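A short write-up of the structure that comes next.
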Amino acid sequence: MRALVIGHRGMLGTDLMQHLAAGGHEAVGLDLPELDITDRRRVIRAVSEAAPDAVFHLAAWTDVDGAEENEEQALLVNGEGTRNVAIGAREAGAALVAVSTDYVFPGTGGPYAEDDATDPLQAYGRTKLAGERLAELEYPEGTRIGRTAWLYGAHGRNFVDTMIGLGSDPARDHVDVVADQVGCPTWTRDLCPALVDLLDQPAGTYHVAGGGSTTWAGLAREAYRLAGVECEVRDTTTEAFARPAPRPAVSVLEVTHEGAPRLRAWEDALADYIRERS
Ligand SMILES: NC(=O)c1ccc[n+]([C@@H]2O[C@H](COP(=O)([O-])OP(=O)(O)OC[C@H]3O[C@@H](n4cnc5c(N)ncnc54)[C@H](OP(=O)(O)O)[C@@H]3O)[C@@H](O)[C@H]2O)c1
């Protein structure tokens with residue numbers, strides 16, 4: 001297959017490029033600064049020139065808190081930018097896999113199946129949901145939306161690394177971590193084959209996140225245990241750890257489509273990540 005990865009220098013994109021190459025696929029990458037997905041004409045031209053069989057759209061405004069004060073700008077990237085990529089893929093006759101988020105859900109009634117009602121709590125989720133809808137509007141027959149969650153990986157700033165960094169500071173004997181949000185930690189390396197497998201599924205919306213679920217505090221504790229970090233994780237609440245963007249309480253993603261890819265348990269993935277990391 002000839003694949004075009006848009007957003008290939010990001011945390012997930014770097015792993016996806018490596019995964020595609022290792023699988024014998026021809027992988028072409030585009031990202032800022034050479035391609036701004038908000039520029040429709042350039043996107044259409046770039047996708048056409050790449051002549052891909054499949055487009056993996058990963059590029060996004062990913063600063064969840066920053067989106068609160070810049071929703072218009074985030075919408076331009078996550079909404080209109082995704083629409084532009086969908087138009088580009090359609091014009092080029094390529095299948096599209098567009099990555100979205102658990103934050104499209106409000107978190108009050110999770111776990112969530114693929115077709116459960118969305119109702120994002122924050123600007124980031126609203127803009128990503130706009131992207132989902134615009135892609136499906138422009139290219140219903142060719143778009144697979146892959147919603148994922150709580151990503152960590154070797155090529156970007158992430159919660160697991162931050163926690164290990166904090167806990168390894170000899171001057172610190174504990175960290176306070178939010179224990180009232182539940183989600184699906186997902187290693188970017190595990191997500192890559194699942195995104196490729198979505199090409200074998202009919203167009204539609206899929207959940208592709210680590211198996212099982214935990215809290216941020218649970219994730220930090222398991223990371224410390226696996227990495228041998230001796231630092232106490234103390235439970236705290238979302239309320240005590242105020243941030244600009246509200247977060248869903250339970251944004252666990254269920255897989256209900258028969259035959260759709262399923263990722264292994266988050267604990268097993270984390271163990272491999274930490275083994276590789278050290
Ligand atoms: N990280 C998570 O926990 C998480 C959870 C659920 C879903 N997701 C989704 O997963 C995907 C990948 O996430 P990630 O964590 O790998 O993100 P990332 O590391 O922030 O990578 C995103 C890439 O998109 C690029 N980009 C931003 N604006 C662009 C624009 N206008 N035109 C072209 N490229 C642009 C970024 O470039 P710059 O770095 O130069 O800005 C970056 O290279 C995103 O769609 C995200 O919404 C992430």
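No value in this document is a laboratory result; all are computed from the given coordinates. All values reported here derive from a predicted model rather than from experimental measurement. Backbone-built Cβ (ideal geometry, glycine too); neighbour counts: all protein chains shown.
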Q: Which order do the peptides 264-272, 162-170, 87-95 take when ranked by the mean count of other beta-carbon atoms within 10 Å per residue, highest first?
A: 87-95, 264-272, 162-170
**Q.** Relative contact order (%) - the range 158-278, alpha-carbon pairs under 8 angstrom, separation at least six
**A.** 41
Q. Tally Lys/Arg at +1 and Asp/Glu at -1 over every other residue whose Cβ is under 14 Å from the Cβ of ARG9; what's the total?
A. -3
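Count the net charge of all other residues whose Cβ sits under 14 Å from the Cβ of ALA179, scoring Lys and Arg as +1 and Asp and Glu as -1. Present the calculation step by step, with values, prior to reporting the outcome.
Details: positive: ARG221, ARG234, ARG247; negative: ASP176, ASP180, GLU222, GLU232, ASP235, GLU239.
Around ALA179, the charge tally is -3.
What number results when the radius of gyration of the range 142-278, computed over Cα atoms, is divided by 2.2 N^0.38 Å?
Taking N as the residue count of the range 142-278, the ratio is 1.12.
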Q: Work out how much length ASP36 to ARG243 would gain on full extension: take 0.36 nm times their residue separation and subtract the Cα-Cα distance, in nm to one decimal.
A: 71.7 nm
**Q.** Antiparallel bridge percentage (DSSP; both residues within the chain; nearest 5)
**A.** 5
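Which ordering of VAL85, VAL250, VAL97 is given by a fewest-first count of other beta-carbon atoms within 10 Å? Display every interim value, and only then the final one.
Numbers: VAL85 34, VAL250 19, VAL97 27.
With the fewest neighbours first, VAL85, VAL250, VAL97 line up as VAL250, VAL97, VAL85.
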Q.
Please report the antiparallel percentage of the DSSP beta bridges confined to the range 106-231, to the nearest 5.
A. 25
(Q) For a Förster distance of 51 Å, can you work out the FRET efficiency between the beta-carbons of THR236 and LEU137, rounded to the nearest 0.05? (A) 0.80
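Nearest 20 debye, what's the magnitude of the dipole of the chain about its Cα centre given +1 on Lys and Arg Cβ and -1 on Asp and Glu Cβ? Walk me through the numbers before you get to the answer.
Details: 25 positive and 44 negative charges, 96 e Å.
Value, rounded to 20: 460 debye.
Counting Lys and Arg as +1 and Asp and Glu as -1, each charge on the Cβ, what is the dipole of the range 193-278 about the Cα centre in debye, to the nearest 20? Working shown, then result.
Numbers: 9 positive and 13 negative charges, 52 e Å.
About 240 debye.
Considering every Cα-Cα pair within the chain, what fraction, in whole percent, is farther apart than 28 Å? Walk me through the intermediate numbers first.
Details: 12794 of 38503 pairs.
It works out to 33 percent of all Cα pairs.
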Q) trypsin sites (Lys or Arg not before Pro), restricted to the range 138-176: which are DSSP loop and have at most 12 other Cβ atoms within 10 Å? A) ARG157, ARG172
Q. How many angstrom separate the Cα center of the range 88-152 from the Cα center of the range 29-87?
A. 14
Q) Calculated from DSSP H runs of 4 or more alone, at -39500 (n - 2.57) each and per residue, what is the 222 nm mean residue ellipticity of the chain, nearest 500? A) -11000 deg cm²/dmol
Q) How would you rank HIS19, HIS207, going from fewest to most other Cβ atoms within 10 Å of each one's own Cβ? A) HIS19, HIS207
Q) Taking square-rooted eigenvalues a ≥ b ≥ c of the alpha carbon gyration tensor, is the range 11-76 rounded, prolate or oblate, where a/c under 1.5 means rounded and, failing that, a/b exceeding b/c means prolate? A) oblate
Q) Using the 10 angstrom Cβ neighbour count as an exposure proxy, how do SER213, SER251 rank, fewest first? A) SER213, SER251
